[in-house]
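Read-outs throughout are calculated quantities, based only on the coordinates presented, and are distinct from any laboratory measurement. Nothing here was measured: the structure is a model prediction, and the numbers come from that model. A quick note on method: Cβ atoms are made from the backbone with ideal geometry, for glycine too, and the neighbour counts reach across all protein chains shown.
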Amino acid sequence: LEVRFQYGKSFFSFGDQGNQRVSISFDKNDAIEITLNKRDVQKENEIVENQLYDFFDKTPAKRFVLKESQDKFALFAWLVEHKNKCIENGITIPAQSINNINVSLEKYHLDFNYTSKSDWFDLHAVIKVGDQELNYFQLMEHIKNDNRLFKMENGEFFVIPEDWMKRFQQIAKFAEMKNRSVKLSKSNYTLLEHELLSFGGSTVPIIKHEDIEFEVPSSLQATLRNYQKEGVLWLATHYANKLGACLADDMGLGKTLQTITILLYAKEQIKDRKTELNPIGKQVDLFATYDKEQKPLRSLVVVPSSLVYNWEFELKKFAPSLMTYKHIGPKRSKNSITLKTYDVIITTYQTVLRDEGLLKKVEFEYIILDECQYIKNRNSKIFSVLKDLKSNYKISLSGTPIENSLADLWSQMEFINNDILGSFPFFKKHFMDPIEKENDEDAIAELKILLEPFILRRTKGEVLTDLPELLEQTIYCEMSSKQSKLYDQEKSKIRNFLLTKDYRDPKIQFHVFAALLKLRQWANHPSLIEGNSDIESGKFEVISNTITSLTKAGHKLLIFSSFKGHLKLVESYLNKNSITFTSLTGDHSTSQRDHAVATFNNDKKCSVFLISLKAGGVGLNLTAANYVLILDPWWNPFAEKQAIARAHRIGQENKVNVIRFISKDSIEEKIQLLQASKLRLADNFIETGDFPKLDQNEVFELLQ
């Protein structure tokens, strides 16, 4: 802001050095008039002090900038607000322009409102700038494109206020703007609600849980805990709003039971729909019941193959009134009409890929994904197929809905509520990169607003006050001298190899990760690299002594490793020492899996259950154990949490002790630090984790 003072026909800028000025003019008789104008510097200072110092800071050149403002257009807003007062005090504001176009200094006003439709909100506003009325659609286009200069019909620029930019920016990002209308999807209702509440309005007309007359279905053959009732009510609220939901409760809190309950609830809600009898005229499942007065629920439950029988068992146990069909195996139905006769169709992710054409012929009431991280890869065929299947409602279930990075979250949110986070390039630009690279707090806050209504996450510590204590400890093990020497040699080889290569090459990255895997094996036991090596492992000696001590004391142990070879070494030790055990890896069939679980839980002589980390992550209830031994750390901290949850869950009556074994001065210690960084990201949202995406600097850090 430049301030000038007028003395007769002379002007002095406040920053001028001179105190007097001569002006020459001619009177009507062409006589020369010479006028000497002297400044009243004291009076000028008084005016400036009274009028400007409350708002402005003075520069060394005696010009003025608004205090604490980073907005380059802020001065226009100040002039609009104070124009009348300036005129009253004898201050003239000349026309302002940008690029030779005048800027409006008229007062402005905006009244915002909306109309609620079935799946979206129509947004409207009346905007007045002086006697000019602005189009809301055009205003939102400017805000979306971060363009503050709105050219009005009278040819002047209206500078869109900074608070309007902030106020509508989130909505502008996600709104659909076409045909001169602005629509916001119902799945983004929190943006509208946040806008209304921030400016003194009311909440949007979304059904809240208190608006629902909800009772646990009488046909449920189970007693729900209070937090489970709350979870089902939360799902029922989303059902009422026709919105998808992600139930992300901690492992072991009964996500399956809560989901079965909402299926029974949904079955009750469709009673009044048109009756559609079983077209083949008979009961297809001998062991299920079928109410011919009701329309089939037609819900598809997609699970990992290892969980098919667990879902079938729990459905028959807790909801025998639901007609259930396992759509798996070579004899599965190829007739879409048959599928339409069932309440619940259980299938696997692999079968969905094979039967894409068949499943697309059915409009499902619900599609439910268990362990929904199976669709974390947005470029995968399974994500594409499941996203395109038709359903009225969608639920995803997972204790770890984010793995690797926020990219995994996008695909799962896209499945339950289409476009809730925008396109992936949009999501990457506005959320993923700012959060993961810069820890942008504004982006984190905005993403939380979008996600909060659609992800329900409860931990065991929050809801199971009666769950026994969980104690965790880490035992650091010294490598044997020869093992340590060979480990260091291998580490140097990898580091030297990486120094000569372009890490951006995917082939080089593959070799590096293979080398890191080899380092992990060296840190555990040389036999994992060299077969029946006679080189001793410092860690294995500690593990062996721990197993002997605990089993002699009568404890039951779950032993997890990400290496089958490591479990084989333990198995050999158990055999030599006559310790009874059972085991489970990815090579076991479903019947072998069930037998192993039953043996460990029911046979008092069976002290140890050996489990590969991947095979034992889901679907196991092993509350007979009171010790969990994790032989080697995995990149993903949540794989370990899932392993621990096999024992520390509903039904556990004893204190559970977790022991992790780490080789000192090895890559295993670095992996622990990597896990900690993943947990920090998880604290902001839900969970993170599988195999890491590492840049070159991070790889070198692992090799220090």
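A simple rule links phi to the HN-Hα coupling: the Karplus curve 6.51 cos²θ - 1.76 cosθ + 1.60 with θ = phi - 60°, which for the stretch 393-402 gives 9, 9, 10, 10, 10, 5, x, 9, x, 10 Hz, with x for Gly and Pro.
Assuming R0 = 22 Å, what is the FRET efficiency of K614 and I449, from their Cβ-Cβ distance, to the nearest 0.05?
On the way: r = 35 Å, r/R0 = 1.60.
It comes to 0.05.
Counted over the stretch 14-118 with a bin width of 5 Å, the fraction of Cα pairs per bin, in whole percents, is 2, 8, 13, 15, 15, 12, 11, 8, 6, 3, 2, 1, 1, 1, 1, 0, 0.
Considering only Cα atoms, the convex hull volume of the stretch 515-572 works out to 82 Å³ per residue. Just the number, please: Stokes-Einstein D of the stretch 420-514 in µm²/s, Kirkwood Rh from C-alpha pairs, 37 °C, 0.692 mPa s. Estimated via Stokes-Einstein, D reaches 171 µm²/s. Note on Q132 and I32: the extension gain reaches 31.2 nm, defined as 0.36 nm multiplied by sequence separation minus the Cα-Cα distance. Around M140, what is the net charge, scoring Lys/Arg as +1 and Asp/Glu as -1 over all other residues with Cβ under 13 Å from its Cβ? Net local charge, M140 excluded: +1. Given +1 at the Cβ of Lys and Arg, -1 at the Cβ of Asp and Glu and no other charges, the dipole of the chain around its Cα centre is 2380 debye to the nearest 20.
The largest-to-smallest principal axis extents of the Cα set in the stretch 320-428 are 42, 28, 24 Å. Positive contributions from Lys and Arg (+1) and negative ones from Asp and Glu (-1), summed over other residues with Cβ under 10 Å from the Cβ of F563, come out at +2.
Between H209 and Q42, residue separation times 0.36 nm minus the direct Cα-Cα distance comes to 53.3 nm.
Of all DSSP beta bridges located in the chain, what percent are antiparallel, nearest 5? Numbers along the way, then the final one.
On the way: 38 of 88 bridges.
If we restrict to bridges inside the chain, about 45 percent are antiparallel.
In degrees between 0 and 90, to the nearest 10, how far off the longest principal axis of the chain does helix 41-51 point, with axes built from Cα atoms? Roughly 40 degrees, rounded to the nearest 10.
Seen from all sides and averaged, what is the projected area of the convex hull of the Cα atoms in the stretch 82-187, in nm²?
Numbers: hull surface 31.0 nm².
Answer in nm², one decimal: 7.8.
Students often forget the sequence filter, so: which lysines lie under 24 Å Cα-Cα from K43 once same-chain residues fewer than 8 apart are removed? By straight Cα distance, K43 reaches K9, K58, K62, K67, K83, K85. For the stretch 305-366, take the alpha-carbon Rg, divide it by the Kirkwood Rh, and send me Rg/Rh. Looking at the stretch 305-366, the ratio lands at 0.94.
Net charge within 9 Å of L307 by Cβ-Cβ distance, Lys/Arg positive one each and Asp/Glu negative one each, not counting L307 itself?
On the way: positive: none; negative: D370, E371.
Around L307, the surrounding residues sum to -2.
With 10 Å bins beginning at zero, the pair-distance distribution over Cα atoms of the chain amounts to 2, 12, 18, 19, 16, 12, 9, 6, 4, 2, 1, 0, 0 %.
Here the Karplus curve 6.51 cos²θ - 1.76 cosθ + 1.60, taken at θ = phi - 60°, turns the phi angles of the stretch 522-530 into couplings of 4, 5, 8, 6, x, 5, 5, 9, 10 Hz, with x standing for Gly and Pro. If R0 is 30 Å, the Cβ-Cβ spacing of R180 and E441 corresponds to a FRET efficiency of close to 0.25.
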